[in-house]
Amino acid sequence: MMKLTLEQIAARYTKKENAVKRRIIICGGTGCIANGSLRVRDAMIREMKNAGIDADIELRPEGTAGPEVHFSKSGCQGFCQMGPILRIEPEGIFYGHVHEEDAAEIVQATLINGEIIERLVYVSPTTHKPCCYEKDIDFYNRQNRVVLKNCTIDPEDVEEYISRGGYFGARKALVEMKPEDVCQTMLDSGLRGRGGGGFPTGLKWKYTLASKGDRKYVICNGDEGDPGAFMDRSVMEGNPHAVIEGMMIAGKAIGADEGVVYVRAEYPLAVKRMRQAVEKALEYGLLGDNLFDSGFNFRVRIMEGAGAFVCGEETALIASVEGNRGMPSPKPPFPAQSGLYGKPTVINNVETLASVPYILREGPKVYRMVGTEKSPGTKTFALTGHVANTGLIEVPFGTTLREIVFNIGGGVTDNKGVVTGRNFKSVQIGGPSGGCLTPEMLDMPLDFDSLKGAGAMVGSGGLVVMNDQTCMVRIARFFMQFTQNESCGKCVPCREGTKQMLALLDDIIQGRATGQTLELLEQVAKAVQLGSLCGLGKTAPNPVLSTLRYFRDEYESHVFKKICPVGECKALARPEIIPEKCKGCGACARKCPVSAITGKIKEPHHIDPEKCIKCGVCKSTCRFEAVKGI
């Protein structure tokens, strides 16, 4: 049982927090730690003590003199490309790319003299103006953070989470509400599953509540495996108690007393912090028996997955938790009827569960104030690719692609990462299960229904931005290679169909394809989509069908002209003569069998790619190695 109430714990923490004059927060997400953020922390503590500044990494017990500076770590602060990130409060100073060598200067210039170190602040890629404070950075101020809001607190301090309203929603559900009331609250909020399918959370809980069983289970699906996606990982690393609290509320809603967090083993920091959060929750009486004197019991265990992409599918995940090979099963029965160990089970992904405490605490009406009518609330996205500002973002459903790419993202870059006005070509949304969005869709509101109509899906939330130098056939092949490797092999359409689609895509980029290849590719893709057993197989053809739908001319150029328009496919590179190397001798023009080369003597020559049959005669004839792409 809890020795103190939530209000008493929150008040105690707030009192200790207010006793500190300044707080420095170093990003403690995986990316920043890999770049040395914890070494920055140690160096900063050392330099502050050398300067006579009383600093500590933990708030001291109530009743003692607090440190002058509280230096804490956070979860992922989102702006990954700026890591390691260091924030100084209460000023709101934002420093990026901080290294331990900068520690002495930060202490002297900023903490002692009150000066801003301009080389460490963010510079807008469009206005080129320095932004000294987080509130001035478009990457942050254009977001609406709900799930990610608490990723700036210390993820290993349960008292700080409680001081921010943590576990108040769980107490309300356990003490004041019936299971039916909790389900109805979720239905009223309109929360839909953030794992990709978008199924109404309240409806899933209601079905599980109605199923009969002597035991029921709650499973948190943290098996995030999409290329370029790291939303769930960051939430587990930065806001683990919200996930546990969401599971407690789900347990109350369906009548479960046990929860399982299934985390892929490739996320060691997420595993560590989730386990620490469970231990702290047990220590504070937030997990265990008779929670909040309600008579409700709930326990959580953490299980590491082996990294199979298919285990993101519900029934495959259940098989893995049971100790079997992760392979999907036919539905029905659905997990709500017969799930873990044959008992009714509700499975939600990390972001869905982390959204639940906010809804219970603030109410469904407040939650519905952002987003769209059919897709309320916010969604986290991992923004990567040819975009100036990469990282983790959270925006309301209904936000346009233009807002994300050009305002939050800072614009499209060239292949060297520089904003040069390079044209936007596409965004791959939803990872291997998603599809591509084109320039014509820049002003389309992003939500479950509009994306479905465009042949794409929200998926887990990966957003890969591509400029006009990207070959869409190679992009389709990249995702097909991934899904083919990850196919569990249980059903023939997925096992053999993905292999055949990959082979056909290889034919296209290697110049072996014919018009029949395109027809066959489309036929196989539709067959796999219709005939596969689980969601992985059914959505595996999406990148192929989507690129065929919007970039068919690019496929046809590969097939019929044997030219890759952007020159990424080496076998189909556009033939050209390098002007700097060409001496204008005319030997290549005289040897060309189709008269595709023109030019004046002693001046650079030119190859007409429409006429060129890529026979290679010009390349073998040229003594100056001026011919490329053949």
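The values are calculated or read from the model by the stated rules, or taken from the named source; none is laboratory data. If you're wondering where the values come from, they're calculated on a predicted model, not measured in any experiment. Glycine also receives a Cβ, built like all others from the backbone with ideal geometry; neighbour counts cover every protein chain displayed. Side chains included, ligands, DNA and RNA excluded: accessible areas come from the protein's heavy atoms. Shrake-Rupley method; radii C 1.70, N 1.55, O 1.52, S 1.80 Å.
Table for the structure above
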read-out	value
Subset of the stretch 553-572 (residues that are free of Cβ contacts under 8 Å to residues at least 24 places away in the same chain and either outside any helix (DSSP H, G or I) or surrounded by 14 or more Cβ atoms within 10 Å (Cβ to Cβ) (or both))	557
Single unsatisfied condition, residue 366 versus (1) of a type outside the set (Gly, Ala, Ser); (2) within 19 Å of residue 202 (Cα to Cα); (3) touching a Ser or Thr at 6+ places or on another chain (Cβ under 6 Å); (4) open to solvent by 10 Å² or more (accessible area, probe 1.4 Å)	(3)
Residue match in the stretch 142-155 (condition: acidic (Asp, Glu) and closer than 20 Å to residue 364 by Cβ)	no
Cβ-Cβ under 6 Å pairs, at least 6 apart or on other chains, the stretch 82-106 side more than 22 Å from residue 383 (Cβ to Cβ), far side assigned to a loop (DSSP other than H, G, I, E, B) and among the aliphatic types (A, V, I, L, M)	none
Flag if residue 460 is part of a strand (DSSP E or B), touching a residue at least 40 places away in the same chain (Cβ under 8 Å) and of a type in the set (Ser, Thr, Tyr)	no
Tally of residues being assigned to a loop (DSSP other than H, G, I, E, B) and surrounded by 24 or more Cβ atoms within 10 Å (Cβ to Cβ) across the stretch 401-451	4
Within the stretch 461-490, considering residues that are touching a Ser or Thr at 6+ places or on another chain (Cβ under 8 Å) and not aliphatic (A, V, I, L, M), the one most open to solvent (accessible area, probe 1.4 Å)	484
Close pairs (6 angstrom Cβ cut-off, 6 or more residues apart or separate chains): among the hydroxyl-bearing types (Ser, Thr, Tyr) in the stretch 30-59, surrounded by 15 or more Cβ atoms within 10 Å (Cβ to Cβ) and not in a helix (DSSP H, G or I) anywhere	37/26; 37/27; 37/84
The stretch 9-54 - residue that is among the polar types (S, T, N, Q) and part of a helix (DSSP H, G or I) and, of those, surrounded by the fewest Cβ atoms within 10 Å (Cβ to Cβ)	18
Whichever residue in the stretch 109-138 is of a type in the set (S, T, N, Q) and surrounded by 14 or more Cβ atoms within 10 Å (Cβ to Cβ) and, among such residues, is nearest to residue 83 (Cα to Cα)	124
Wholly enclosed strands (runs of 3 or more DSSP E) of the stretch 256-360 bearing at least 1 residues within 21 Å of residue 433 (Cα to Cα) and open to solvent by less than 10 Å² (accessible area, probe 1.4 Å)	258-264, 296-305, 345-349
Check on residue 525, of a type in the set (Gly, Ala, Ser), part of a helix (DSSP H, G or I) and closer than 22 Å to residue 453 by Cα	yes
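A quick yes/no check of all residues on (1) farther than 30 Å from residue 502 by Cβ; (2) surrounded by fewer than 21 Cβ atoms within 10 Å (Cβ to Cβ); (3) more than 29 Å from the chain's Cα centre (by Cα):
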| residue | (1), (2), (3) |
| --- | --- |
| 520 | no, yes, yes |
| 524 | no, no, yes |
| 574 | no, yes, yes |
| 584 | yes, yes, yes |
| 608 | yes, yes, yes |
| 617 | yes, yes, yes |
| 624 | yes, yes, yes |
| 627 | yes, no, yes |
| 630 | no, yes, yes |
